[in-house]
Amino acid sequence: MGLRSAQWYGGSDRNAYIHRAWMRRGLPDSAFTGRPHIAIANTASDLTPCNAHLGEVAHSVANGVYEAGGIPLHLPVVSLGETQVRPTAMLWRNMAAMATEEMLRANPIDGVVLLGGCDKTIPALLMAAASVDLPAVVVPGGPMLTGHFRGVPLGCGTDVWRLSEEVRAGTLSQEAFLKSESAMIRSRGHCNTMGTASTMGLLAEVLGMTLPGTAGIPAPDSRLLEAAHATGVLAVELVAHQRRPSAVLSRAAFLNAIVALAALGGSTNAVVHLLAIAGRLGVALTLDDFDRTGSGVPLLVDLQPAGRHLMDDLYRAGGLHAVLAEVRDLLDATAITVTGRPLVDHLRDARVHDREVIRPRTAPLRSDAGIAVLYGNLAPDGAIIKPAAASRHLLHHRGPAVVFDSVEDLHARLDDPDLAVTADSVLILRGCGPKGYPGMPEVANLPLPAKLLADGVRDMVRICDGRMSGTAYGTVVLHVAPEAAAGGPLAKVRTGDTIVLDVAGRRIDVDVPDEVLAAREPASATVRAFATPRRGWERLYVDTVRQADTGADLTFLTGASGDRVSRESH
Ligand code: FES
């Protein structure tokens, strides 16, 4: 089969002349006669600090592509800095995916190397690659090195929440808190906890979409550049074999990712991202697959937020392959990687070098990790909870609701000394789903009331239609679907209603008779927020976004579209 790029560059007509002439700029004739053109889709940006080093990684990829006979082409794509963009990076994930998809399809390329790191970037790149289905491979940008403050390692994200709660509880001074700020981010790379970036980088490899052994290499480690170079070589081979994402991203690959998600103690955000990527290919993956496949898988990795260590400890201890080797019997051996070989084949040499970081199956951190999927009259289409990040004593709980209609409402009232709240209360935050916020922000791990913190309370049951940072912890029921703004029953709960959480029974309910709940009007605040006039991307998003239980992609972006371009430009 001929190269796709030859549709632009092949022949002697006027259009081929134009395509070649404008691209030459020093390229040899051979660049247009049979050498594969490989895009390096790069999310490097100064405003995505976790990805700012990807220019150097791209340089190594380009060297590898060129060495293997291909033509490397740098393609900057939409980038999302998790800590920077408002109102939430998740609002823009689908836009980044759609823009990247369109640019991959529109341009004369035969394959693509995808460079991501910060939370939404790898999911968006994988969604795009799945939709276009050109030969593709990911280089995860890697985690940063561990910073220390006063001799104690800092987990970025997790320790921000912990330290800020200590300030609110009065056990840490504001001055000490601010001093820790410059110690938090020690080096290039993404967050060093098992947050969303770490999780999605590692899962990209479990899905088969990286050169095996690449995910989890710390960003400053020179082995990342070695892997990037080798990935460039591999990209050219992928084109030669026409090995496309649709051949790699099978249902078996997604189920392996769910097993790994549990064993790693990965972020709850992986649920929406994996569902969205699968949706782009028409792979039948459902919310229930996370419970069916992931529950019962032991948590083996002692990393924050569930445990103690950080990402460079995991790499030193043997890395992803050492973890996967521990659960090899749970992995589907039919799932292949971009190498064309099964994932499990790449685990043969895996060794654990530090049993404190990667536990054996016989002594896991938790025997039953994974994601529990809850249903009930509060979440007819499902909600999730990460039991490994929750307090055991709260996994079965009954308590009165304290309802907040928005994050602004939460901030205005949470620390009011007169707020009627006890440790048994269930804090509910609504209006934070895909449509309601809009963009489904990471606010589900809502802070605890200051007066309870001062009393020593460190966890409470919380319920939200938003997401939670992968670096957060607590007994949090999140991704409630349908969300309040889409007519979900969460909009009808009132302060004082009794909430019943039963994780073992997989239930989340409000103890109000069905007919009473049905007769109630939804809270006016959530209805009002949804009626806000919008334009541009936000309008397209709010009008067409699906709910969390199917990955919060846009309705018209599910299903693959392929790489075909129907018409010439002139
Ligand atoms: Fe970029 Fe955490 S903010 S990975």
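Every number here is computed from the coordinates shown, using simple stated rules; none is lab data. Everything numeric in this text was worked out from a predicted model, so none of it was measured. Ideal geometry is used to build each Cβ from the backbone, glycine not excepted, and the neighbour counts take in all protein chains shown.
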Going fewest to most other Cβ atoms within 10 Å around each Cβ, Arg328, Arg546 line up as Arg328, Arg546
The simple spin-label model distance between Glu175 and Ala420, using points 7 Å out along Cα→Cβ, in nm, is 4.2 nm
May I ask you to compute the full-extension gain from Asp29 to Asp46, defined as 0.36 nm times their residue separation minus their alpha-carbon distance, rounded to one decimal in nm?
2.6 nm
For the pair Gln84 and Ala333, what calculated FRET efficiency results from E = 1/(1 + (r/R0)^6), where r is the Cβ-Cβ distance and R0 = 35 Å, to the nearest 0.05?
0.25
Checked the range 218-366 with the C-alpha gyration tensor, a ≥ b ≥ c its square-rooted eigenvalues, rounded below a/c of 1.5, otherwise prolate if a/b is larger than b/c and oblate if not; verdict oblate
With +1 on each Lys and Arg Cβ and -1 on each Asp and Glu Cβ, how big is the dipole of the range 1-136 about its Cα centre, in debye rounded to the nearest 20?
320 debye
Along the charge dipole of the range 74-142, Cβ charges K/R +1 and D/E -1, which of Val78, Val113, Met127 sits furthest on the positive end?
Val78
Determine, for Thr555, Thr214, the number of other Cβ atoms within 10 Å of each Cβ, and report the residues in order from fewest to most.
Thr555, Thr214
Per-residue counts of other Cβ atoms within 10 Å, averaged by peptide: what ranking do you get for 514-524, 450-460, 34-44, highest first?
34-44, 450-460, 514-524
Lys/Arg +1, Asp/Glu -1 at C-beta; the range 235-308 dipole; positive extreme among Ala252, Asn269, His241
His241
Zone reached by a paramagnetic label modelled 7 Å from Ala106 Cα along Cα→Cβ, restricted to the range 1-45 with backbone N below 13 Å, covers none
I need to check one value: relative contact order of the chain, counting alpha carbon pairs closer than 8 Å and at least 6 residues apart, in percent.
15 percent
Among Leu427, Leu395, Leu414, the residue whose Cα sits farthest towards the positive end of the charge dipole of the range 357-444, when +1 is placed on the Cβ of each Lys and Arg and -1 on the Cβ of each Asp and Glu, is Leu395
So, R0 is 56 Å and r is the distance between the beta-carbons of Glu166 and Tyr66; what FRET efficiency does that work out to, to 0.05?
0.60
Gap separating the Cα centres of the range 288-306 and the range 52-114, nearest whole Å:
30 Å
Would you please state which residues of the range 131-159 a label at Ala183 would reach in this model, taking the label point 7 Å out along Cα→Cβ and a backbone N cut-off of under 14 Å?
146-156, 159
Peptides 371-384, 195-208 ordered by average Cβ neighbours within 10 Å, highest first:
195-208, 371-384
With only Lys, Arg, Asp and Glu charged, each at its Cβ (+1 for the first two, -1 for the last two), find how big the charge dipole of the chain is about the Cα centre; round to the nearest 20 debye.
940 debye
With Cα atoms, 0 to 90° folded angle of helix 196-206 axis to the chain main axis
50 degrees
When DSSP assigns beta bridges and you keep just the ones with both residues in the chain, what percent turn out antiparallel, to the nearest 5?
40 percent
Please give the helix 158-169 orientation as an angle from the longest Cα principal axis of the chain, in degrees from 0 to 90, rounded to the nearest 10.
30 degrees
Using θ = phi - 60° and the Karplus form 6.51 cos²θ - 1.76 cosθ + 1.60, what ³J(HN,Hα) does each residue of the range 491-505 get, whole Hz, x for Gly and Pro?
5, 9, 6, 10, 3, x, 4, 8, 9, 10, 10, 9, 5, 4, x
Distance in Å, no decimals, from the C-alpha centre of the range 1-27 to the one of the range 549-570 is 25 Å
Given an 8 Å cut-off on Cα distances and at least 6 residues of separation, report the relative contact order of the range 430-570 as a percent.
24 percent
Simple Cβ-charge dipole of the range 416-570, Lys/Arg +1 and Asp/Glu -1, about Cα centre, in debye nearest 20:
520 debye
Round to a whole angstrom and tell me the spacing of the C-alpha centers of the range 441-478 and the range 506-523.
23 Å
For His190, His393, what ranking results if the residue with the fewest other Cβ atoms within 10 Å of its Cβ goes first?
His393, His190
Quick calc, Lys451 & Arg564: beta-carbon distance into FRET formula, R0 56 Å, rounding 0.05, result 0.35
Virtual spin-label span in nm between His74 and Ser391, 7 Å along Cα→Cβ:
5.1 nm
